[in-house]
There are 2 protein chains.
Amino acid sequence: MDYSGRQQRLREDLRRHRLDALLVTHLPNIRYLCGFSGSSGALLVLTDSSTLFTDGRYTQQASAEVRAAKVKIVRNSPLIAAMEWLGRKALSGGTKSHVVGIEAQYLTVAARRSLSEAQSKRVRIKETAALVERARMIKDADEIQVIRSAVEHGAALFEAALQVLRPGVREVEVAAEMEYAARKGGAEGMSFETIIASGERSALPHGRASEATVAARGFVVCDFGVILHGYCSDRTRTVYMGAATGEARRVYAAVLASQQAAIAAVRPGASVSQVDGAARKVLKQHGLAQYFTHSTGHGVGLEIHEAPRVAQGQQEILRPGMVITIEPGVYLPGKWGVRIEDMVVVTEHGCEVLTPTQKELIVI
Amino acid sequence: MDYSGRQQRLREDLRRHRLDALLVTHLPNIRYLCGFSGSSGALLVLTDSSTLFTDGRYTQQASAEVRAAKVKIVRNSPLIAAMEWLGRKALSGGTKSHVVGIEAQYLTVAARRSLSEAQSKRVRIKETAALVERARMIKDADEIQVIRSAVEHGAALFEAALQVLRPGVREVEVAAEMEYAARKGGAEGMSFETIIASGERSALPHGRASEATVAARGFVVCDFGVILHGYCSDRTRTVYMGAATGEARRVYAAVLASQQAAIAAVRPGASVSQVDGAARKVLKQHGLAQYFTHSTGHGVGLEIHEAPRVAQGQQEILRPGMVITIEPGVYLPGKWGVRIEDMVVVTEHGCEVLTPTQKELIVI
């Protein structure tokens, strides 16, 4: 991964925002900028160098992982250590004061307060929003390659699910088989709690696999993803147990048409709300729009949910290299639900669906 | 779970802190107070009622899970909706202004700012620290029962690990078998990324299972836990592959003695730093104190790491019902490491080790 290039682009952003430094505390941002994957650290990016502050548990790991940054192992909080270090540097560097940006969307109120207490008079703190997250929206070739692997690996899990999805099996057993296949295939873990929602539970958009048993008839929503080399995959397929009713087939077809319309709308220059609108329009034509109770999609990368949000009212314009999910759903409360989700990457002229395999209704 | 009782005790705390309300945004705190386990919500606890604000994805789940609180499904951010609702209530309730506490250790700087923008003149915001977390430190009988189940379930995974731990097996395969056993047994998931760290990797205190293969000789640190009904377990065992050297046996025995000394120090009235000191003292006698690079333990409950920290410089006094880990370790960089961890519950007169099974060195 091109950590130096990422930091270089961030430095250009710092200059534009009149910042002398950025104190990066959101762990996926730290990983993006220097490769460190530990659970405790603060990365201080200055205009001419970067330093990762972490604690003694990570001495070896930091030395193995970190690129394009020095490493300092500290005994106190990495955040405070970084601030104190910056204060000493500002004091020794002449009269100029340093303006350091903080990540306001992640830093807590309490941490902000402790930063103030550790703050040298020569350092000014300025809130920033999404400086690194905005860069992360556009995936580079290395990232897209890793995401492709994660998506392909994730797709294989669905085969594992189909092997065990039978009436009477517990939802958690299906999840267990998928997660086992994920780990055996080298995944670091699941990118979120596996959703296996059968029968009435399929009407829960976030129906995590439960002890409930799969009924002989009805929809089963399977929403799952893996983490591979730090990057997430995300995919949903909905299958039907038993002979599908006409209504079930009609709703499934409507959700699929909605999903395909949204995918067709994904191209550079389109806004995320246009994509969301394309999905919603089809469901409206089928009288189902009021049952589509969430947004159409979200960015995916080092985090399972990242920018941009593909939703009504959002202004982001799609650009090549963005990787997003397209996942409309229809949920009839107390009855059942259907969701179909793929990951797509925005290309120069449109988009490429990363998620392989067909989406016609599978009846078991 | 006694949600009403928990909220009642919190209300007494609110009065002590001269608060009219607490805006609870940390999800484990929300779950503790009203049972809601969704990933988006804000719970507003007033002196006479509580309301959970969440979004349309959680309509059914909230109605099924939430106790001792009303539920409002909102279209905008639950946090902002709660603040606006409080503002309207304050306006309609006469001239008195409302003081609402926020969770400063979890609320972000950006969310704090958006709260200010949504704030009525009749509402004052006050930072609070750990009001709910301090209550959560003392587990009630229901919680201890669930934690016991989680610990017992977690212990069974080690048997699964021992079945596959052989020279040449990949660390992730061992983790896969454990996680499969966890899921099959009904766990909602793992309480953290499973650590299987063999050979030199055992010197990494946080050596997540990797693609590395287990060597024919040397230590393997296995640190793992499950989530059952929302509660976490946490346990570490270190085994030896091949014939253990004298040095390996000596270090293992020292870590075990250190762990037992710390457990012996756990009783009501003792401070967490005394417990930490007891572990450290034994390792010092063996000339190993400088290789014990982390704290002795932490609280466990709805979160894998919660209060109290069992560490040097911490002042917390142990009280009956606290559930903590005791997990000293010795890490010889580039060589190997050993860690032994149990969960214990503080009782009226001392403590009970929750984690079953023996801790003598297992040689494979």
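The values are calculated or read from the model by the stated rules, or taken from the named source; none is laboratory data. This one's a predicted model, so the numbers in the text were calculated from it and none came from an experiment. Glycine also receives a Cβ, built like all others from the backbone with ideal geometry; neighbour counts cover every protein chain displayed.
Among the residues of the stretch A:176-187, what is the count of those that are in contact (Cβ under 8 Å) with a residue 40 or more places away in the chain and within 12 Å of B:Glu179 (Cα to Cα)?
2
Can you name the condition, by its number, that B:Glu127 falls short on among (1) in a strand (DSSP E or B); (2) more than 8 Å from every other protein chain (Cβ to nearest Cβ); (3) surrounded by fewer than 22 Cβ atoms within 10 Å (Cβ to Cβ)?
Here B:Glu127 meets the rest and fails (2).
Taking A:Leu115, is it within 14 Å of another protein chain (Cβ to nearest Cβ), over 23 Å from the mean Cα position of the chain (by Cα) and either buried (at least 16 other Cβ atoms within 10 Å of the Cβ) or closer than 30 Å to A:Pro320 by Cβ (or both)? If you could, list the steps in order and put the result at the bottom.
Working: within 14 Å of another protein chain (Cβ to nearest Cβ): yes; over 23 Å from the mean Cα position of the chain (by Cα): yes; either buried (at least 16 other Cβ atoms within 10 Å of the Cβ) or closer than 30 Å to A:Pro320 by Cβ (or both): yes.
The answer is yes for A:Leu115.
Take the conditions touching a helix residue (DSSP H, G or I) at 6+ places or on another chain (Cβ under 9 Å) and modelled with pLDDT under 95 and apply them to A:Arg217. Does it pass?
Values: touching a helix residue (DSSP H, G or I) at 6+ places or on another chain (Cβ under 9 Å): yes; modelled with pLDDT under 95: yes.
Judged against the criteria, A:Arg217 is a match.
Would you check which residues across the stretch B:105-123 are of a type in the set (A, V, I, L, M), free of Cβ contacts under 8 Å to residues at least 24 places away in the same chain and touching a helix residue (DSSP H, G or I) at 6+ places or on another chain (Cβ under 8 Å) and list them? Give the derivation first.
Initially, the stretch B:105-123 is screened for residues of a type in the set (A, V, I, L, M), giving B:107, B:109-111, B:115, B:118, B:123.
Remaining after also requiring free of Cβ contacts under 8 Å to residues at least 24 places away in the same chain: B:109-110.
Once the filter is applied, which keeps residues that are of a type in the set (A, V, I, L, M), free of Cβ contacts under 8 Å to residues at least 24 places away in the same chain and touching a helix residue (DSSP H, G or I) at 6+ places or on another chain (Cβ under 8 Å), the stretch B:105-123 yields only B:Val109.
Please find, within the stretch A:117-156, the residue that is farthest from A:Arg237 (Cα to Cα) out of those that are among the polar types (S, T, N, Q) and at pLDDT 95 or above.
So, considering only residues that are among the polar types (S, T, N, Q) and at pLDDT 95 or above, the one farthest from A:Arg237 (Cα to Cα) is A:Thr128.
Looking at A:Gly207, is it within 12 Å of another protein chain (Cβ to nearest Cβ), closer than 28 Å to A:Gly334 by Cβ and touching a strand residue (DSSP E or B) at 6+ places or on another chain (Cβ under 9 Å)? So that I can check it myself, show each step before the final result.
Values: within 12 Å of another protein chain (Cβ to nearest Cβ): yes; closer than 28 Å to A:Gly334 by Cβ: yes; touching a strand residue (DSSP E or B) at 6+ places or on another chain (Cβ under 9 Å): yes.
When the stated conditions are applied, A:Gly207 passes them.
Kindly indicate whether any position in the stretch A:80-99 is more than 14 Å from chain B (Cβ to nearest Cβ), buried (at least 21 other Cβ atoms within 10 Å of the Cβ) and closer than 29 Å to B:Ala203 by Cβ.
The answer is yes; a qualifying residue exists.
Considering only the stretch A:1-68, give the helices (runs of 4 or more DSSP H) lying wholly within it that have at least 1 residues that are within 21 Å of the chain's Cα centre (by Cα), assigned by TED's automatic domain parsing to the domain that holds A:Arg122 and surrounded by 18 or more Cβ atoms within 10 Å (Cβ to Cβ). Talk me through it step by step, then tell me what you get.
Working: elements: A:3-16, A:27-34, A:59-65.
Counting at least 1 such residues, we get A:3-16, A:27-34.
Would you tally the residues in the stretch B:336-361 being under 15 Å from B:Asp223 (Cβ atoms) and assigned to a strand (DSSP E or B)?
Number satisfying all stated conditions: 7.
Can you tell me which of (1) within 12 Å of chain A (Cβ to nearest Cβ); (2) free of Cβ contacts under 8 Å to residues at least 60 places away in the same chain; (3) closer than 16 Å to B:Val363 by Cα is the one B:Ser202 doesn't meet?
Only one criterion in (1) within 12 Å of chain A (Cβ to nearest Cβ); (2) free of Cβ contacts under 8 Å to residues at least 60 places away in the same chain; (3) closer than 16 Å to B:Val363 by Cα is unmet by B:Ser202, namely (2).
Hey, could you check the stretch A:305-317 for residues that are more than 11 Å from chain B (Cβ to nearest Cβ) and farther than 17 Å from A:Ile144 by Cβ and say which is surrounded by the most Cβ atoms within 10 Å (Cβ to Cβ)?
Top of the filtered list is A:Val310.
Tell me which residues, restricted to the stretch A:149-171, are within 11 Å of chain B (Cβ to nearest Cβ) and surrounded by fewer than 24 Cβ atoms within 10 Å (Cβ to Cβ). Let's see the steps before the verdict.
Pass one, the stretch A:149-171, residues within 11 Å of chain B (Cβ to nearest Cβ): A:170-171.
Hit for the stretch A:149-171 is A:Arg170, nothing else.
Considering (1) surrounded by fewer than 18 Cβ atoms within 10 Å (Cβ to Cβ); (2) within 29 Å of B:His26 (Cα to Cα); (3) within 14 Å of chain B (Cβ to nearest Cβ); (4) under 32 Å from the mean Cα position of the chain (by Cα), say which one A:Arg134 fails and leave the rest.
So A:Arg134 meets the others, but not (3).
Residues that are of a type in the set (Val, Ile, Thr) and surrounded by fewer than 24 Cβ atoms within 10 Å (Cβ to Cβ), at least 3 per element: which strands (runs of 3 or more DSSP E) completely within the stretch A:187-277 meet that? Before you say what the answer is, go through the steps one by one.
Numbers: elements: A:195-198, A:218-224, A:226-228, A:235-241.
Filter on the stretch A:187-277 gives an empty set.
What pairs can you find where one residue is in the stretch B:31-58 and within 14 Å of chain A (Cβ to nearest Cβ), the other is in a loop (DSSP other than H, G, I, E, B) and among the β-branched types (Val, Ile, Thr), and their Cβ atoms are less than 7 Å apart, with a gap of 6+ or different chains?
B:Phe36/B:Val66; B:Asp55/B:Val74; B:Gly56/A:Thr293; B:Arg57/A:Thr293
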